[in-house]
1. I need the trypsin sites (Lys or Arg not before Pro) found in the stretch 83-188, filtered to DSSP loop residues with at most 10 other beta carbons within 10 Å of theirs.
2. Averaging the inverse of every distinct alpha carbon separation and then flipping it gives the Kirkwood radius. What is it for the stretch 58-302, in angstrom units?
3. Roughly how much of Asp165 is accessible, in Å² to the nearest 10, using a 1.4 Å probe?
4. So, in nm, how far is label Leu352 from label Lys280 when the simple model puts each one 7 Å beyond its Cα toward the Cβ?
5. With just the Cα atoms defining each centre, how far is the stretch 166-233 from the stretch 392-408? Give it in Å.
6. Work out the length of the dipole vector of the stretch 58-302 about its Cα centre, built from +1 on the beta-carbon of each Lys and Arg and -1 on the beta-carbon of each Asp and Glu, and round it to the nearest 20 debye.
7. All other residues with a Cβ under 15 Å from the Cβ of Met345 taken together, and with Lys, Arg as +1 and Asp, Glu as -1, what is their net charge?
8. Between Asp33 and His148, how high is the FRET efficiency from 1/(1 + (r/R0)^6) when r is the Cβ-Cβ distance and R₀ = 60 Å? Nearest 0.05.
Amino acid sequence: MENGAVNQQIPVDTTSATITIKGILSLLLQNVDENDNRRLISLGMGDPTAYSCFHTTQVAQEAVVDAIQSDKFNGYAPTVGLPQTRRAIAEYLSRDLPYKLTSDDVFVTSGCTQAIDVALAMLSRPGANILLPRPGFPIYELCSAFRHLEVRHFDLLQENAWEVDLDAVEALADHNTVAMVIVNPGNPCGNVYSYQHLEKIAETAKKLRILVIADEVYGHLAFGGKPFVPMGFFGSTVPVLTLGSLSKRWIVPGWRLGWFVTSDPCGMFRKPKVVERIKKYFDILGGPATFIQAAVPRIIEQTEEVFFKKTIYLLKQSSDICCDRINEIPCINCPNKPEGSMAVMVKLDLSLLEDITDDIEFCFKLAKEESVIFLPGTAVGLKNWLRVTFAADPNSIEEALRRTKCFYQRHARKL
């Protein structure tokens, strides 16, 4: 294949307002050679259910079955969520906070993606802007474009374990800035923020008089030296919108059970007009299936700690294998070992490759030649990097990176 031909054959719109992870992965799948008899290994999507070593707890499955068989949850749920579901989520999140959330603070959403849309819809107004991390999760750019919110990016500092560049945040913000977004544990970087850094984020946001949107869909999936601390811990300093779901911690992304939570003990979001606006917006949304909502209290209350510990053990094991094998391939390296979540950012050294011009071409050729899929860093705002998902069984990771090493050897620049 001629240099650059991949991008000509499969056009990829890399403008941040239109790019989606699923869109690029779909194109990569289409580029896989149908005549390759080896199994496809995708380390591009953060869906651990694709691998048999990751599965949800039995109590979660039983809770859903019992909710269906009770014949009590076949009708519509309240648009903001079942009362018992909201209460269970409030109690679950309150375990890690210095104050207690109530069911009124919780709104049940169809996955965390819908919670993102709700947050941006509630904050949008003419002329408003929002501060987003780079690299980050591209759904925020897409939702912002639909809501006519101007996006301003602050960098995550790779040399500082992907911490927020708070000087950049201060320089970017103005009187039209409505919020800043943080993702912790980090997607796509695999970082976990310390208590001290989160405190600085809260103080900066308070100084700028903006909200913090805390995307904690990977909450508690921390396996490095730093424990997971929810941004809501600092809700008395600055109002926080906490977004999360069952998806990752309980390994049920297809159940689409998420939450939008006002972590705001000072009560800014409890003003009657604000509450009414949120409720009216939920009236036009379709939430998760009623029987899934009904299962949540039992899922949260009865899941044993051993289940969570096993998941953390598997993620730690697979992340170590992933980084070790990556660092054996000259053209890619893992400068920051992941401390949480399910993905890591990997730096691509194009100077060592003969006929590959950027991360997108690297990923398309790798899919074509080796039936291995990584996500181009361009998809998350960091050109000539790769996002590699390590939520997979060790054998699949080993095989994927063995093939990637063969790919490098075939395309290595001749000295």
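The values are calculated or read from the model by the stated rules, or taken from the named source; none is laboratory data. Keep in mind that what you see is a predicted model, and the values were worked out from it rather than measured. We place every Cβ from the backbone using ideal geometry, glycine too, and count neighbours over all the protein chains shown. Side chains included, ligands, DNA and RNA excluded: accessible areas come from the protein's heavy atoms. Shrake-Rupley method; radii C 1.70, N 1.55, O 1.52, S 1.80 Å.
1. Those that pass, being in a loop and sparsely packed, are Arg95.
2. Working: mean 1/r = 0.0548 Å⁻¹.
Roughly 18.3 Å, rounded to one decimal.
3. The accessible area comes out at roughly 40 Å².
4. 5.8 nm
5. Comparing the Cα centres of the stretch 166-233 and the stretch 392-408, I get a distance of 33 Å.
6. Values: 24 positive and 25 negative charges, 131 e Å.
Dipole magnitude for the stretch 58-302 comes out near 620 debye.
7. -1
8. On the way: r = 42 Å, r/R0 = 0.70.
Approximately 0.90, to the nearest 0.05.
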